[in-house]
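Structure first, then comments.
The values are calculated or read from the model by the stated rules, or taken from the named source; none is laboratory data. The structure presented is a predicted model; accordingly, all values stated were derived computationally and were not measured. Cβ placement follows ideal geometry from the backbone for every residue including glycine, while neighbour counts extend to all protein chains displayed.
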Amino acid sequence: MHWLLDPLQFDFIVRALVAAVIVGIVCSVLGTYVVLRGMAFFGDALAHTVLPGIAIAYLIGWPLALGALVFGLLTALGIGVLTEQANLKEDTAIGVIFAGLFALGVALLSTSNNYTVDLAHFLFGNLLGVSKGDLWVIGLLGAIVLATLFLFYKELLVISFDQVLAVTLRLPSRFLRYLLLILIAVTVVTALQVVGIALMLAMFVTPAATASLLTRRLPNMMLVSALIGSFSGVAGLYASYYLNIASGAAVVLVASIIFILVFLFAPGQGFIWRHKNKTINR
Amino acid sequence: MFPLGYQDTDHKPGTPTLELKHVTVAYSAIGSSFAQDVHYALKDVSFKAEIGEQIAIIGPNGAGKSSLLKLITGIIKPESGQILMFGQPPSQHNCIAYVPQRNQIDWSFPVTVEDVVMMGRTRQIGFFRRARPLDKDVVKASLKRVGALELAKKQIGELSGGQQQRVFIARALALETHLLLLDEPLSGLDLPSQEAIFEILASLRQDGVTVLMATHDLNLAAERFDKVLLVNKRIIAFGKPEEVLTTENLLAAYGGKAQNSQMAVSA
């Protein structure tokens, strides 16, 4: 058991573990909606568009999370408005905003002396650099996201499953759609330090996709997704400690390996199971 | 239907369940790009559906049957004209229920039969609240009424086509519908499954639920419905089946573009 406890003598590792678990849970629970509603591209775009916010906050010495939050919320609203216009296809509109703002972020950061190191931190996370203050921000924003998902559970389920039902029930569909975009933006901010911008999409999609292969009801899917997400955070951090690999990448790799295993071996829905049954039925 | 004291907007006495007055729907409203020769998905549509009436909507493919149903739900907006439900705009009512075509639903979605029917209760439960015992009773009663109680715990992808339709009708019952819209619910179903759906619809008459069903099947439209609405972009005929399903009317609706334009000229 030494190998489990050894790393915990360092405070920065304990903080990193707590952050990884919180982010693993929040990303994976929200990720169930990202997967079910086919919003993966939204998630990736929102993750990338916070970069200029981070860059500005960094250059003028404000908290990075604040800059990211402001830009994340603005682009969530911007994407929402753009996709309501019929004259541009949704993914085209998102692509334009996504690439443009990301380029702005890179351009701003390139004015700093420490350009490559900083950019790498923002792109791939800096899990071992999580401070106490960061932890508070991550915990608070994570709690807000989970509480909102809980409060609007019924309504979000309806708009995700059947939009016509949402209209005939006269639910505020537009508000709920924007709410999801805003929640994704807020979650992006919490996950910045753990996996970084470039790998964020994996935290939204991979645990939830894995859970969808194992469960048949949304609450169970959320629970399993959260377990996989938080386990990936912890296991990834240990892998990073002992194998000396980048922490964000390690977290995502663990989640990906779990997905592959489940995809192959899941009872009932797994690749091998179906293949085996097919040959037996023949 | 269930004595629950749930508040929909008051229904003005003496008004029909549904009334359309000169309603026109542009192609752009339904997201279609075939805008060159015909500009309207539906043009100048007027008809009334009285309380408890069961009406079949028939017409060729692309005639606007689905558009008409979606128009009534409110998901597509008319370009001009007026829609009234019990004398008021439909946006003030949440007692419309829509049973979608089966290919419009993601059957792998992680919800059980029970979950789907409970969705119909969303409004009655209200924001920030959880299902009460009452709601669970209504879900059970609704499932029982369509003969699907034993399916409650199944994931929706595990159902047969007929069962899927019955579950969506149960959802309509759970939301205490007064206007049930069904889009091609019978296509692909075997005869016993079709019969099961007609039995449920027959039982809705006593509750005063008005039913509009888009269908391809002219025989069923003639035999099982009070009225038939024959459409092809506009209303060709509306009334009792024997009045509507005449050779002349059917030629006008189905006979191809030549007859169509002749009819338009002589009209």
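Which condition number does A:Gln85 fail, the rest of (1) polar (S, T, N, Q); (2) touching a Pro at 6+ places or on another chain (Cβ under 7 Å); (3) surrounded by fewer than 17 Cβ atoms within 10 Å (Cβ to Cβ) being met?
(2)
Please find, within the range A:76-87, the residue that is nearest to A:Ala185 (Cα to Cα) out of those that are hydrophobic (A, V, I, L, M, F, W, C) and more than 14 Å from every other protein chain (Cβ to nearest Cβ). I'd like the intermediate steps shown before the answer.
First pass over the range A:76-87, keeping only residues hydrophobic (A, V, I, L, M, F, W, C): A:76-77, A:79, A:81-82, A:86.
Adding the requirement that they be more than 14 Å from every other protein chain (Cβ to nearest Cβ) leaves A:76-77, A:79, A:81-82.
Numbers: A:Ala76: 6, A:Leu77: 10, A:Ile79: 11, A:Val81: 15, A:Leu82: 16 Å.
The selected residue is A:Ala76.
Starting from the range B:152-165, keep only residues that are touching a residue at least 12 places away in the same chain (Cβ under 8 Å), then list their pairs with residues that are of a type in the set (Lys, Arg) whose Cβ atoms are within a distance under 8 Å, requiring at least 6 positions of separation or different chains.
These pairs meet every condition: B:Ala152/B:Lys140; B:Gln155/A:Arg216; B:Gln155/A:Arg217; B:Gly161/B:Arg102; B:Gln164/B:Arg102; B:Gln165/B:Arg102.
Quick one: is B:Gln92 touching a strand residue (DSSP E or B) at 6+ places or on another chain (Cβ under 9 Å), in contact (Cβ under 8 Å) with a residue 24 or more places away in the chain, under 19 Å from B:Val211 (Cβ atoms) and within 14 Å of chain A (Cβ to nearest Cβ)? Give the derivation first.
Numbers: touching a strand residue (DSSP E or B) at 6+ places or on another chain (Cβ under 9 Å): yes; in contact (Cβ under 8 Å) with a residue 24 or more places away in the chain: yes; under 19 Å from B:Val211 (Cβ atoms): no; within 14 Å of chain A (Cβ to nearest Cβ): yes.
Against the criterion (touching a strand residue (DSSP E or B) at 6+ places or on another chain (Cβ under 9 Å), in contact (Cβ under 8 Å) with a residue 24 or more places away in the chain, under 19 Å from B:Val211 (Cβ atoms) and within 14 Å of chain A (Cβ to nearest Cβ)), B:Gln92 does not qualify.
Which one of the conditions (1) outside any helix (DSSP H, G or I); (2) within 25 Å of A:Trp136 (Cα to Cα) does A:Ala19 fail to meet, given that it meets all the rest?
Tallying (1) outside any helix (DSSP H, G or I); (2) within 25 Å of A:Trp136 (Cα to Cα), A:Ala19 fails exactly one: (1).
Looking for something at pLDDT below 95 and within 14 Å of another protein chain (Cβ to nearest Cβ) - is there at least one such residue anywhere in the range A:89-109?
Looking for residues that are at pLDDT below 95 and within 14 Å of another protein chain (Cβ to nearest Cβ), one finds at least one in the range A:89-109, hence yes.
When you look at B:Ala35, is it at pLDDT below 85 and part of a helix (DSSP H, G or I), yes or no?
Details: at pLDDT below 85: yes; part of a helix (DSSP H, G or I): no.
It is false that B:Ala35 is at pLDDT below 85 and part of a helix (DSSP H, G or I).
Filter the range B:135-185 down to residues that are closer than 20 Å to B:Ile96 by Cα and assigned to a loop (DSSP other than H, G, I, E, B) and give me whichever is farthest from the chain's Cα centre (by Cα).
Restricting attention to the range B:135-185, the residues satisfying the condition of being closer than 20 Å to B:Ile96 by Cα are B:135, B:138-139, B:141-143, B:145-146, B:164-185.
Next, only the ones that are assigned to a loop (DSSP other than H, G, I, E, B) stay: B:146, B:175-178, B:184-185.
Working: B:Val146: 17, B:Leu175: 14, B:Glu176: 15, B:Thr177: 11, B:His178: 11, B:Glu184: 9, B:Pro185: 9 Å.
Among them, the one singled out is B:Val146.
When only residues in the range B:58-89 that are more than 8 Å from every other protein chain (Cβ to nearest Cβ) and free of Cβ contacts under 8 Å to residues at least 24 places away in the same chain count, which is nearest to B:Pro13 (Cα to Cα)?
Here the residue is B:Pro89.
In the range B:96-134, what residues are among the hydrophobic types (A, V, I, L, M, F, W, C), assigned to a strand (DSSP E or B) and facing chain A (nearest Cβ under 8 Å)? Even if it seems obvious, please write down each step before you answer.
Pass one, the range B:96-134, residues among the hydrophobic types (A, V, I, L, M, F, W, C): B:96-97, B:99, B:105, B:107, B:109, B:111, B:113, B:116-119, B:125, B:127-128, B:131, B:134.
Subsequent filtering for residues that are assigned to a strand (DSSP E or B) retains B:96-97, B:99.
Selection gives B:Ile96, B:Ala97.
Which members of the range A:120-155 meet the condition of being closer than 15 Å to B:Gly126 by Cα and touching a Ser or Thr at 6+ places or on another chain (Cβ under 9 Å)? I'd like the intermediate steps shown before the answer.
Initial filter on the range A:120-155 (closer than 15 Å to B:Gly126 by Cα): A:150-155.
The answer is A:Lys154, A:Glu155.
Tell me, yes or no, whether the range A:210-224 has at least one residue that is crowded, with 17+ Cβ neighbours inside 10 Å, closer than 19 Å to A:Ser28 by Cα, more than 14 Å from chain B (Cβ to nearest Cβ) and not acidic (Asp, Glu).
no
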